[in-house]
1. In degrees, nearest 10, range 0 to 90: what is the angle between the Cα axis of helix 323-339 and the longest Cα principal axis of the chain?
2. So, for the chain, what is the accessible surface per residue at a probe of 1.4 Å, expressed in square angstrom?
3. How much of the DSSP beta bridge set in the chain is antiparallel, as a percent to the nearest 5?
4. Taking 0.36 nm per residue of separation and subtracting the Cα-Cα distance, what length does fully extending K306 through K17 add?
5. Which residues' amide hydrogens lie under 5 Å from the amide hydrogen of W242, considering only partners 5 or more residues apart or on another chain, with H built in the peptide plane?
6. When the chain is fully extended, how far beyond the present Cα-Cα distance does A434 get from A229, taking 0.36 nm per residue of separation?
7. Can you check how the C-alpha radius of gyration of segment 1-63 compares to 2.2 N^0.38 Å, as a plain ratio?
8. Which whole-number percent is the relative contact order of the chain (Cα, under 8 Å, 6+ apart)?
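The values are calculated or read from the model by the stated rules, or taken from the named source; none is laboratory data. Keep in mind it's a predicted model, so treat the numbers as computed, not measured. Counting neighbours? That spans all protein chains shown, and the Cβs are built from the backbone with ideal geometry, glycine included. Accessible surface areas use protein heavy atoms only, side chains included; no ligands, DNA or RNA. Shrake-Rupley method; radii C 1.70, N 1.55, O 1.52, S 1.80 Å.
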Amino acid sequence: MEPSAKQLARVKALVAKMTPEEKVGQMILVDPRSLETPDDISRYHLGGIFVNGGGAPPPNTMESWISLAEKVQDYALKSSQAIPLLLGTDGVHGHNNLDGSVLFPHNIGLGAGNNPEQVAEIARITSLAMAATGFNWNFAPCVAVVDNPRWGRTYESFSSETETVSRLSAAAVRGVQTDFGSGKARVLACAKHFIGDGGTAGGVDRGNTQMSMGELRARFLPPYIAAIAAGVGSIMLSYNQWNGTPCHASRLLISALLKRELGFKGFVVSDWDAIDNLAPENRFIDALSLSINAGLDMIMTSRKYKACHAGLLELLSQGDLPLSRVNDAVERILTAKAALGLLDTQRPELPSMTAIDHLENRKIARRAVRESLVLLKNDALLPLGSNYKRIHVCGEFADDIGLQCGGWSISWQGSKGKITEGTTILEGLRNLAAPELTVSYSQGVEMPDGTDLIIAVAGEYPYAEFHGDSKDLELPLDQQAFLTALTNSDVPVLLILITGRPLVITPYLDKFEATLVVWLPGTEGDGVAEALYNRDLPTGKLPMDWPGLREHDTIIE
Ligand code: BGC
C-alpha cells in the first residue's frame with residue numbers, strides 16, 4: 001500500500017510537531033474492553049484498538065461493530081493531534097468475529113484449491129465486510145509454512161510448500177488491501193507470524209524453531225518477500241523463538257533482516273500480549289526496551305496501555321530508547337494510516353454490504369469449498385451413480401455449522417452448534433438431492449433398512465492455537481468409535497472428514513470405499529453437496545503430506 005508524496009509529506013510534518021507523549025501513544029494497540037474510560041483513547045493518544053477472537057462488541061451485529069468503531073474514532077479525534085485509530089481484528093476466513101458473516105474455508109482448504117484469484121477474491125470480500133463495519137486492519141494473511149501437522153495452527157497455513165504459501169499469500173495481501181475507490185474506507189493487511197511459526201520443534205505452538213539462518217531463510221522467508229512485494233502494510237511478530245531467542249526480541253530478525261535487508265517500509269506489530277514475558281522476572285519495562293529497540297513498532301496489549309505509555313516515556317527520558325527509534329516507529333504507523341486515507345479525510349466513507357452481496361459471497365464461498373475438496377481414496381464410488389437411491393448420512397459433524405467452521409469462528413476457539421448462519425453438509429445434501437433420492441440422517445450409526453449408501457461425516461472438534469496441538473494426530477475417541485462401528489457395514493461407505501490437518505486414518509481408509517477431505521469448509525456446507533452430486537471428481541490436491549500416504553499423493557483407484 002503506497003502513500004502518495006503528499007501523504008508522506010503530511011506524515012513527516014506531523015511527526016515533527018508531535019510531543020513524546022503523542023508519539024508513544026501511537027505505538028499502542030489495545031483491547032477497548034480494558035479501557036478504564038474511553039477518554040483514555042485521547043488522553044494517551046492511542047494508535048489503535050483491536051477486537052480479538054470472540055471479542056465482538058455485543059450484541060455482535062453490523063450496527064454494534066459500526067457503533068464501536070465510530071465511538072472510538074470520536075475519542076481519537078478529540079486527542080491533541082486528532083489522528084484516527086487503526087481498528088484491527090482477525091478476519092482469517094471471512095470477517096469471522098461478526099455474527100452472520102459468510103465464513104470461507106480456512107487457509108488449508110484454500111491451499112488445497114491452490115487458486116490465487118480465488119484467494120484474492122475471498123480476501124477482498126472479507127475486507128469489504130470489515131470496512132463496512134468501520135474496521136480498517138485485518139490481522140491476515142497468516143503466511144506460515146507448516147512443517148509438522150501436530151501444530152494447532154496448521155489450518156491457518158496454506159501449505160507446507162514455501163512456494164505455494166508465497167504465491168497465495170501475495171494474492172491474499174492484494175485482496176485484503178483492495179482499493180474500493182477514492183475516499184472509500186479500505187483495509188490494511190498484516191502478514192503473520194514473523195518468523196518460523198510453523199517450524200517449531202515437535203509442532204508445538206509458541207515453541208522453538210531450531211535451524212540455521214540458511215534454512216530459516218529458504219523455508220520461511222519467501223512468503224514475507226512475496227507479501228512485501230505485494231505491498232503488505234504491516235507484519236505481526238511470532239510468539240515462537242528462533243534458536244532460543246524470542247522473535248519479539250530479535251534485532252537481527254526484525255531490524256536487520258526484515259527492515260534493512262528486505263526493505264520492509266510498513267510497521268511491525270507484536271502478537272497479543274507477547275512481550276509481557278520477554279524479560280527476566282517479567283519486568284515489563286525491560287520487555288518494552290528489548291522489543292522496541294529490536295525494531296518492534298506497535299505493541300498489541302490486552303490491557304497494559306498505561307504501562308506501555310509510561311514505560312516508553314521512561315525509557316526515552318533515561319536514554320534507554322533513542323528518540324530516533326520512536327520517530328521511526330511512529331512514522332511507519334502514520335504512513336500506514338495515511339495510505340488508508342485516514343489523514344486526508346479522517347472518516348473515509350464506509351462501503352455498504354447489501355443482502356445481495358451476502359448471497360453473492362455465499363456463492364463464492366461454495367465454489368471455494370468445492371475446489372478445496374481432496375479425494376483421498378475412491379474405489380469407484382464417486383461420482384455418485386444413479387444406482388444410489390437411499391442415502392443415509394450419519395455423524396454429528398454432518399449437521400453442525402460450528403463443527404464445520406472450526407476455530408476462529410465467532411469465538412476464538414470456535415464451538416459446536418448453530419454459531420452463525422449457514423448451511424450444514426446435511427442440509428446441502430438434502431437441498432440439492434435429485435427428486436428420486438431419499439436422504440435420511442442419524443447422529444449415530446443406526447440407519448433405515450434399504451440404505452444403499454452411507455455418507456459418514458466425522459472430524460476434529462474446533463480448536464485454535466496451542467489448544468489444538470496434537471500428540472498423535474488421531475481423531476477424537478468418540479469419532480474413532482463412531483467410524484469403527486461402520487467398518488463392517490455391507491453398505492458402501494463414503495467418509496467425509498472435517499479436519500484442520502492431515503490425520504492418521506489408515507484403518508478407515510482401508511475399510512471404506514471412498515474418503516473425501518473437506519478441511520474446515522466454513523458456513524457453506526452445500527459446497528460439499530454440490531461436489532458430491534457433480535459428474536466430475538473433486539480436484540483439490542493435498543497441500544501437505546498425509547500420514548500413511550505416499551508423498552503428497554492420494555489413493556484414487
Ligand atoms: C494470535 C494472532 C492474532 C491475535 C489477535 C493471537 O493470539 O496469535 O494470530 O492476530 O491473537 O487476536
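1. 50 degrees
2. Working: 19860 Å² over 557 residues.
Heavy-atom SASA per residue in the chain reads 36 Å².
3. Working: 7 of 56 bridges.
In the chain, DSSP labels about 10 percent of beta bridges as antiparallel.
4. Details: separation 289, 0.36 × 289 = 104.04 nm, distance 2.27 nm.
Gain on stretching K306 to K17: 101.8 nm.
5. T209, C247
6. Numbers: separation 205, 0.36 × 205 = 73.80 nm, distance 4.80 nm.
Taking A434 through A229 to full extension adds about 69.0 nm, to one decimal.
7. Numbers: Rg = 15.3 Å, N = 63, 2.2 N^0.38 = 10.6 Å.
So the Cα radius of gyration is 1.44 times the expected 2.2 N^0.38 Å.
8. Values: 1315 pairs, mean separation 99.8, N = 557.
Answer for the chain is 18 percent.
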